[in-house]
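Notes to accompany the following structure.
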Amino acid sequence: MTASRSALWRDPALLIVPAIGFLAIGFVVPLVWFFIETLQEMGSFEDMILEAVSTISSRAVVNAMITTNWIALLVTLLTLFAGYPIAYFLANSDRLRFTLVLFCIIVPYFTSVIVRTYSWMVLLGRNGIINQFLIGTGIVDEPVALLYNKLGVVIGMTYVLLPYMILTLFAAMKAIDPSYVRAAHGLGASRIYAFRHVYLPLSAHGVLSGCLIVFILAIGFFITPALMGGPSDVMIAMLIERSVEIMLDWPSAAVMSLLLLAVTLVLYAVYYRVTDVRRMMGA
Amino acid sequence: MSLKGAIELRGVTKRYGGDRVVDRISLAIKPGEFFSFLGPSGSGKTTTLMMIAGFAAVDEGTIDVDGANISGMQPQHRGFGMVFQNYAIFPHLNVFENVAFPLRARRQPEEVIRKRVRWALDLVQLGAFADRFARQLSGGQQQRVAIARAIVFEPRIVLMDEPLGALDKNLRYDMQVEIKEIQRRLGMTVVYVTHDQEEAMNMSDRIAIMNRGRIEQVGVPSEVYERPANAFVGRFLGEANLLDGKVERCEGDQVRLRVGGLVLRAKTHGTLETAMGASLFVRPERVMIRAAETGGPGGNRASGQVRRVSFLGNIVRYQVEIAPSVHVMVDVQNSGRPPLAVDASVALDWAVDDSLVLVG
């Protein structure tokens, strides 16, 4: 008896109990309560389904979902193409250069998202630094609209989400044994051939994980699109906020939240499968 | 078979910071030769191989292959086959694609690839494993894949960096025999790095013994074993007795050496001066041991007490004290007779031709 009890107390699994408790109280309970409350407001089960269907198929939600997924896709691809070379550099450089570059990437993120978004607005505005430069050098005559449209949202979100991509890719690349690339060279492969046929495939799971993480984060984004987007670039999270705060239409907000949660969970399931496959590969 | 695959190192040096990890090495490896670099860790043997392979830059000196200087060439242009210490079997490719890799990198046509890979896999007896991945193979099988991948494009030179280091002892011997057999059949030059002296002696045509970035001796295995150039080689390769003494007199190629209170005779291949310090080298298996009363033939004689008896299976090793704190190791084949007891008085003798005077 005492033996099994003390064994239970020594189980390191106990250490995650506070975290799980916090998640349950701070996240699961309010979420469930929110759904129950709002769904009850709708009345019978039949009404609920009708309400849900009409909300999801409404023009606003369909447009927002298309915009959201499109922006999330663009942002994912941009972070991938910007992040891959940086992660490659980090994974293959000495300590000093690694520390320096990582410092430059991480430090801006110590300030709040709002501050960083406003600094982008200073850069991208009609009379912002970039437009002044473009007009000053004579590349354009009129200021380019870099803000309050899709371009602004994509630029801002790409910047905010880039570190997630870089760090995920970096972790995957750091796990690649450098002897594989060396072996490829030793067996006659050129730099490009070795990269395409050895390094890239070995980092592929990192690419997939990074893309999924960035995409999952991007579809739920709120602050950046709200501040940097135009009136036509409504993302689903903004629509939810509007329903709750302005329209006071909690049932629609609940349905949209569920929709977003469902999409996220599906993507997370894919992400989970991918990381599992990686472990199976032993890489 | 074309006579290609000669490697010549001239004054090759590698520096890390102020240290010369490889110090002005010069040697010529003949086409079709199985050549081993043998030495303790940190002796510079792997660095030397990495310079031949092109993964480490040559700081001084040149490396020629078939008369052409390759010192500055990128590894992928050198055209060597390589077997790495950890095999480096690509985990995302199956056995077939791993072996096909050097051919695909050389843009060979598909039917050539198919034929060559089949040939290489049959050579290492892995024909049935073409669809497997590295994680589904044993260590020995991964080793065979690495060898097949290194020879599939029929390079004239194959470099091997401690390829058997991770295998257990029995498998190791089998693989030694197999690698040697493949090398002999294909007539390629193999440059092999190992710290295992048995491995080097079993496979090599010639061995270079390395120590602290320098080559101590180059020669065929029996020569290096029987006539070591210095005390380091004698001690590193197999078991050896090295008895410290002083040169008493030189008579042609024979030397009289005073060890403790005894005067022993031995061969020399250098010039020695009277009264200089030197060591007498004799292999434990060349020393005869018998109970004290009986006299025997032989050039050098000594008597003493057995201080330790070690049973090693196929041999029994005695440690005999022939003078105060002068010990001689003697190996006797285990013939089934009961071994001599500790503290027994014994007589030792060995031929003058079996012993050498070494300096350093």
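The values are calculated or read from the model by the stated rules, or taken from the named source; none is laboratory data. All values derive from a computational prediction rather than experimental measurement. Cβ atoms come from the backbone with ideal geometry, glycine included; neighbour counts cover every protein chain shown.
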Quiz item: Any residue in the range A:100-121 that is within 26 Å of the chain's Cα centre (by Cα), of a type in the set (Phe, Trp, Tyr), in a helix (DSSP H, G or I) and under 20 Å from residue A:240 (Cβ atoms)?
Solution: no
From the option list A:162, A:80, A:169, A:147, single residue qualifying as in a loop (DSSP other than H, G, I, E, B) and under 26 Å from residue A:211 (Cα atoms) is A:147
Per the list (1) of a type outside the set (Gly, Ala, Ser); (2) within 14 Å of another protein chain (Cβ to nearest Cβ); (3) part of a loop (DSSP other than H, G, I, E, B), residue check on residue B:103 breaks on (3)
| query | Does the range B:85-100 contain any residue that is within 12 Å of chain A (Cβ to nearest Cβ), free of Cβ contacts under 8 Å to residues at least 40 places away in the same chain, farther than 20 Å from residue A:200 by Cα and not small (Gly, Ala, Ser)? | reply | no
By residue number, the members of the range A:198-225 that are β-branched (Val, Ile, Thr), over 15 Å from residue A:174 (Cα atoms) and within 14 Å of chain B (Cβ to nearest Cβ) are none
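For (1) surrounded by fewer than 21 Cβ atoms within 10 Å (Cβ to Cβ); (2) under 20 Å from residue B:92 (Cβ atoms); (3) within 14 Å of another protein chain (Cβ to nearest Cβ), each residue gets a yes or a no:
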| site | (1), (2), (3) |
| --- | --- |
| B:131 | yes, yes, no |
| B:155 | no, no, yes |
| B:159 | no, no, yes |
| B:166 | yes, no, yes |
| B:178 | yes, no, no |
| B:186 | yes, no, no |
| B:198 | yes, no, no |
| B:206 | yes, no, no |
Taking the range B:164-190 and the residues there that are among the polar types (S, T, N, Q) and assigned to a helix (DSSP H, G or I), the one that is nearest to the chain's Cα centre (by Cα) would be B:176
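Filter the range A:185-197 down to residues that are in a helix (DSSP H, G or I) and at the interface with chain B (Cβ under 7 Å from one of its Cβ atoms) and give me whichever is surrounded by the fewest Cβ atoms within 10 Å (Cβ to Cβ).
Among residues in the range A:185-197 that are in a helix (DSSP H, G or I) and at the interface with chain B (Cβ under 7 Å from one of its Cβ atoms), the one surrounded by the fewest Cβ atoms within 10 Å (Cβ to Cβ) is A:193.
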Note to self: One residue is enough: does the range B:53-61 have a residue meeting the conditions in a strand (DSSP E or B) and either surrounded by 19 or more Cβ atoms within 10 Å (Cβ to Cβ) or more than 9 Å from chain A (Cβ to nearest Cβ) (or both)?
What the structure shows: yes
Picking from A:233, A:141, the residue that is of a type in the set (Asp, Glu), in a loop (DSSP other than H, G, I, E, B) and either within 14 Å of chain B (Cβ to nearest Cβ) or out of contact with any helix residue (DSSP H, G or I) (no Cβ under 6 Å at 6 or more places or on another chain) (or both) would be A:141
From the option list B:81, B:11, B:39, single residue qualifying as at pLDDT 90 or above, within 28 Å of residue B:233 (Cβ to Cβ), buried (at least 20 other Cβ atoms within 10 Å of the Cβ) and touching a strand residue (DSSP E or B) at 6+ places or on another chain (Cβ under 6 Å) is B:39
- Task: For the range A:257-279, state whether one or more residues are among the β-branched types (Val, Ile, Thr), within 14 Å of chain B (Cβ to nearest Cβ), free of Cβ contacts under 8 Å to residues at least 60 places away in the same chain and outside any loop (DSSP other than H, G, I, E, B).
- Result: no
Note: among B:90, B:84, just one is under 18 Å from the mean Cα position of the chain (by Cα) and within 30 Å of residue B:138 (Cα to Cα), namely B:84
